[in-house]
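In what follows, a single structure is set out as structure tokens and then discussed.
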Amino acid sequence: MLFVRPKVAELTFRLYGRSLHPELFEILKSHTIEQKHYSVQLHITSAGHLVSWKSRGVTLTEVAASVQHPLPKQRQMLSYPLRGSRSDRIVCRGGVRYQTSFELEPVSPSLFWTIQQQLSDDSGTGLLYRFGSSGRMAMGAVSYIYTETRARRLFVQAIHTFPDDCAIVKSESVFRLSD
């Protein structure tokens, strides 16, 4: 089944201090990472991504989703519309640190198609999903998640393209344990 991405103006970026049921989302592609000190589930969804990180009894769940998507308010730690750029950081119990930055970048059509092609060609190094065309554009959107793992640190970069808007959403997040 082919999915078409929602409009970029409908997106929000959220962080929860709890897990969220994957059944709440249309999950298109997944990957699990198990490290000695933490575990992570990465999901590309129909609207963006879902990252669930667990360690030392702490669960952090990062979500890029449509504002129309009904998500719980309970234990929501951050919630921002995905517009412009933003950075934030949180220190949780047990010495867990989370920091993120995200940006919505409108680009020229020629630069958009160059980036879109580069992401599509880079399928060997991360989690990649190609969406169906909306009918207006020849190529559908692309979602790409790249990770770097260390013993006590996880770096996650997510890139989501929006062909109808010639826009790219980029986020970078770091989940870190104290020594």
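The values are calculated or read from the model by the stated rules, or taken from the named source; none is laboratory data. No experiment lies behind these values; they were computed from the predicted model shown. Positions of Cβ are backbone-derived with ideal geometry, glycine not excepted, and every protein chain shown enters the neighbour counts.
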For HIS31, which of the numbered conditions (1) surrounded by 14 or more Cβ atoms within 10 Å (Cβ to Cβ); (2) in contact (Cβ under 8 Å) with a residue 60 or more places away in the chain fails to hold? (1)
Among SER79, SER101, the single one that is within 22 Å of LEU24 (Cβ to Cβ) and among the polar types (S, T, N, Q) is SER79
Quick count over the stretch 45-88, residues being farther than 21 Å from GLY140 by Cα, more than 11 Å from the chain's Cα centre (by Cα) and hydroxyl-bearing (Ser, Thr, Tyr), is 6
Which condition number in (1) within 15 Å of SER173 (Cα to Cα); (2) at pLDDT below 95; (3) exposed (fewer than 13 other Cβ atoms within 10 Å of the Cβ) is the one that LEU82 fails? (3)
For GLY126, are the conditions met, namely being under 14 Å from the mean Cα position of the chain (by Cα) and at pLDDT below 90? yes
Restricting the stretch 141-165 to residues that are in contact with a strand residue (DSSP E or B) (Cβ under 6 Å, 6 or more places away or on another chain) and assigned to a loop (DSSP other than H, G, I, E, B), which is farthest from LEU111 (Cα to Cα)? ARG152
Checking the structure you have, find out if any residue of the stretch 88-99 is under 20 Å from ALA167 (Cα atoms) and either surrounded by 14 or more Cβ atoms within 10 Å (Cβ to Cβ) or touching a His at 6+ places or on another chain (Cβ under 8 Å) (or both). no
Please count how many residues of the stretch 74-88 are farther than 17 Å from GLU10 by Cα, touching a Lys or Arg at 6+ places or on another chain (Cβ under 9 Å) and outside any loop (DSSP other than H, G, I, E, B). 2
Mind checking whether some residue in the stretch 51-70 is in a strand (DSSP E or B), of a type in the set (Ser, Thr, Tyr), in contact with an Asp or Glu (Cβ under 9 Å, 6 or more places away or on another chain) and modelled with pLDDT under 95? yes
